[in-house]
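Since the structure comes first, as structure tokens, the remarks are kept for the end.
The values are calculated or read from the model by the stated rules, or taken from the named source; none is laboratory data. No experiment lies behind these values; they were computed from the predicted model shown. In this analysis, Cβ positions are derived from the backbone assuming ideal geometry, glycine residues included, and neighbour counts consider all displayed protein chains. Calculation scope for accessible area: heavy atoms of the full protein, side chains included, ligands and nucleic acids excluded. Shrake-Rupley method; radii C 1.70, N 1.55, O 1.52, S 1.80 Å.
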Amino acid sequence: MIPAREALDRLQEGNRRFASGARSRDTLTSRPRPDELVGGQTPSAVILGCSDSRVPVEIIFDQDLGDLFVIRVAGNIVAPSQIGSVEFATSWFGTRLIVVLGHSRCGAVQATLEDLQRSTRSDSRNQRSIVERISPSVAELLETELKHDPDALLHHSVRANVRASVNQLRHGSEILEQLIEKEGLLVVGAEYSLETGLVDFFDGMPEAEA
Ligand SMILES: [Zn+2]
């Protein structure tokens, strides 16, 4: 089992390699062959990310086969099947770090803001099921001065949506609550910048050790 703090270090180091254009890890060490992993997996982290094609999780963290247990859904929302997937990874593989990963200029969050402002609205029940999960966390931002600044509004909305998903994972499952309380499971929120390639871990980070 890989402790949460060590798993976080791996992600932060990998993202620094990616963002700086450094040689990726698989050029420095040999990549595992697929058949070497047939016997099982011990992913160091669960990542709940957005489906956006510009945010491929293994690439932006410079990770390899077997390293990450990834759930991707537009707007990195939390519905029962996402909680169930996280439970699989934490219960079966002993993974002790969960990262909710939003990103700048998220189209699902933008669509939700437009829906709330009544400028566009999808008739698809399926798309609405995503928008309705994002709406509660961003609706109150539309009551603030941010409503006059579309870029700032989207930026704050992305982060509010990440925080909401973090909160739902922390409190949406007895299994996860127990693991947080007794087994050092850590749930953190982060935002990937399309502009810089860097991931900012902005929510729920443990205090740095002295
Ligand atoms: Zn997105």
Please state which of the following conditions S119 fails to meet, knowing it meets all the rest: (1) of a type outside the set (D, E, K, R); (2) under 15 Å from the mean Cα position of the chain (by Cα); (3) in a loop (DSSP other than H, G, I, E, B). (2)
Of the conditions (1) of a type outside the set (S, T, N, Q); (2) open to solvent by 20 Å² or more (accessible area, probe 1.4 Å); (3) at pLDDT 95 or above, A208 satisfies every one except a single condition; which number is it? (3)
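Can E181 be described as within 18 Å of the chain's Cα centre (by Cα) and open to solvent by 50 Å² or more (accessible area, probe 1.4 Å)? Lay out the reasoning, then the answer.
Numbers: within 18 Å of the chain's Cα centre (by Cα): no; open to solvent by 50 Å² or more (accessible area, probe 1.4 Å): yes.
No.
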E174 among the charged types (D, E, K, R), more than 12 Å from G75 (Cα to Cα), surrounded by fewer than 21 Cβ atoms within 10 Å (Cβ to Cβ) and within 16 Å of the ligand (Cβ to nearest atom): no
Counting just the residues of the range 57-74 that are more than 16 Å from V188 (Cα to Cα) and open to solvent by less than 40 Å² (accessible area, probe 1.4 Å), which one comes out nearest to the ligand (Cβ to nearest atom)? A74
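Okay, residues lined up against (1) in a helix (DSSP H, G or I); (2) within 17 Å of C50 (Cβ to Cβ); (3) open to solvent by 20 Å² or more (accessible area, probe 1.4 Å):
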{"residue": "E132", "(1), (2), (3)": "yes, yes, yes"}
{"residue": "L146", "(1), (2), (3)": "yes, no, yes"}
{"residue": "H155", "(1), (2), (3)": "yes, yes, yes"}
{"residue": "V166", "(1), (2), (3)": "yes, yes, no"}
{"residue": "A190", "(1), (2), (3)": "no, yes, no"}
The residue that is most open to solvent (accessible area, probe 1.4 Å), considering only those in the range 1-48 that are over 17 Å from the mean Cα position of the chain (by Cα) and of a type in the set (V, I, T), is V38
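Given the structure, is D151 open to solvent by 10 Å² or more (accessible area, probe 1.4 Å) and more than 18 Å from V199 (Cβ to Cβ)?
Values: open to solvent by 10 Å² or more (accessible area, probe 1.4 Å): yes; more than 18 Å from V199 (Cβ to Cβ): yes.
So D151 fits the description; yes.
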Result of the Cβ filter at 7 Å on the range 53-80, keeping first residues that are at positive phi and partners that are aliphatic (A, V, I, L, M) and away from the ligand (no atom under 14 Å from the Cβ), at least 6 apart or interchain, is G66/L37
Mind checking which residues of the range 86-113 are in contact with a helix residue (DSSP H, G or I) (Cβ under 7 Å, 6 or more places away or on another chain), away from the ligand (no atom under 16 Å from the Cβ) and in a helix (DSSP H, G or I)? V86, E87, T90, S91
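What tally of residues in the range 8-38 results from selecting those that are among the acidic types (D, E) and within 27 Å of L186 (Cβ to Cβ)? Break it down into steps so the answer makes sense when it comes.
First pass over the range 8-38, keeping only residues among the acidic types (D, E): 9, 13, 26, 35-36.
Narrowing the set further to residues that are within 27 Å of L186 (Cβ to Cβ) leaves 9, 13, 26.
Total satisfying the criteria: 3.
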Scanning the range 114-140 residue by residue, the ones that are within 16 Å of the ligand (Cβ to nearest atom) and of a type outside the set (D, E) total 10
